[in-house]
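Working notes, structure below.
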Amino acid sequence: MDGSLKGKHVLVTAAGQGIGRASALAFARAGASVTATDRDEALLGDLAAVTGIAVQCLDVLDDAAVAGMAREVGRVDVLFNCAGIVHSGSILDMAEGDLDLAFDLNVKGMVRMIRAFLPAMLDHGDGSVINMASVVSSLKGAPNRFVYGTTKAAVIGLTKAVAADYVARGIRCNAICPGTVESPSLQQRMRAQGDYDATRRAFIARQPMGRLGTPDEIAALAVHLAGATYTTGQAYAIDGGWSI
Ligand code: NAD
């Protein structure tokens, strides 16, 4: 890949809202042809009207659906694994099954996608995988993010492992590690706390830049990494200075 996204095919998971959606739009603006996928088909509706974007329903928990999509779509140049959920609470708050569910989505969802799409990239001798981690991972601990931080640290581990295995065969694999980003699920989390304004102030106070990140800012990093041909195996913090 020469750095330009013109003529490149990009597949994005969890493109229905938030960072995934902003990224699908940013990749299309950068000239790529985009397959935007999400578990929730309704969220993809209006993306289908955007030039260069095709939409497909895909639940990354579903092995057969992931394998079927790889057969249908064929080779992609860029795979952006964005799907993930936030689980709140400490190790003692965790209910039975919470960690398994979060691993299945946040970690194994990416593993399924990479196993399905990597062979065609290898045949072609070129490909970029971008995995959505978080600064709350092996980079930083945050209160009440035990399950989340554990799974996102695993995303960085799997990113480095894939990068190391395939670095000499034209494959790059990097992770994006955002701080707190204004997205629909963040809004939900802030409302769920009861005092929305106080929760919002607390989230903003964590970010030394004094504001939350935007999905478009994270999308711009995804587009950059898709075409950044001399970097692999890295975890890129984009967090308003939280991890300084
Ligand atoms: P969001 O949480 O608002 O939306 C998530 C999307 O994922 C939804 O469209 C949903 O339908 C889809 N989804 C959920 N389960 C799925 C599944 N099994 N298969 C396919 N799609 C599924 O979006 P967001 O907050 O931008 O988060 C996107 C990613 O960014 C996540 O991996 C999240 O952990 C990560 N992240 C977010 C923040 C933040 O502050 N928002 C910070 C760091 C990392």
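What separates the Cα centres of region 199-242 and region 160-190 is a distance of 10 Å.
Its Kirkwood hydrodynamic radius, worked out from the mean inverse distance over all distinct Cα pairs, puts region 22-69 at 11.2 Å.
Round to a whole angstrom and tell me the spacing of the C-alpha centers of region 86-152 and region 1-80. Cα centroid to Cα centroid, the span is 19 Å.
Rg/Rh for region 65-120 (Cα atoms only, Rh after Kirkwood) is 1.12. Across region 152-169, rounded Karplus estimates of 3J(HN,Hα) from the backbone phi angles (6.51 cos²θ - 1.76 cosθ + 1.60, θ = phi - 60°) give 6, 5, 5, 4, 5, x, 5, 4, 5, 5, 5, 4, 5, 5, 10, 4, 8, 10 Hz, Gly and Pro being marked x.
Taking a straight line from the alpha carbon of K108, these lysines sit under 20 Å away, with near neighbours fewer than eight places off in the same chain left out: K152, K160. Think of the chain as a dipole: +1 on every Lys or Arg Cβ, -1 on every Asp or Glu Cβ, centred on the Cα centre; then among G127, I53, L43, G127 lies furthest on the positive end. Length available on full extension from R211 to S185: 0.36 nm per residue minus the Cα-Cα distance, which gives 7.7 nm. Around the Cα centre of region 1-153, unit charges on the Cβ atoms of Lys, Arg, Asp and Glu (plus for the first two, minus for the last two) sum to a dipole of about 520 debye. Which angle from 0 to 90°, rounded to the nearest 10, does the C-alpha axis of helix 63-73 make with the longest principal axis of the chain? Relative to the chain, helix 63-73 is tipped by roughly 40 degrees.
At q = 0.14 Å⁻¹, what is the base-10 log of I(q)/I(0) for region 77-172 according to the Debye formula with one equal point scatterer per Cα and no solvent? Please give it to two decimals. Taking Cα atoms of region 77-172 as identical point scatterers yields -0.53. Using the empirical formula 2.2 N^0.38 Å as the baseline, the Cα radius of gyration of the chain reaches a ratio of 0.96. Once both axes come from the Cα atoms, what is the angle between helix 196-206 and the longest principal axis of the chain, in degrees from 0 to 90, rounded to 10? Roughly 70 degrees between the two axes. For region 1-137, taking the reciprocal of the average inverse distance between every pair of different Cα atoms yields a Kirkwood hydrodynamic radius of 15.4 Å.
Every number here is computed from the coordinates shown, using simple stated rules; none is lab data. For clarity, every value in this text was computed on a predicted model and none was experimentally measured. Note that each Cβ is placed from the backbone with ideal geometry, even for glycine, and that neighbours are counted across all protein chains shown.
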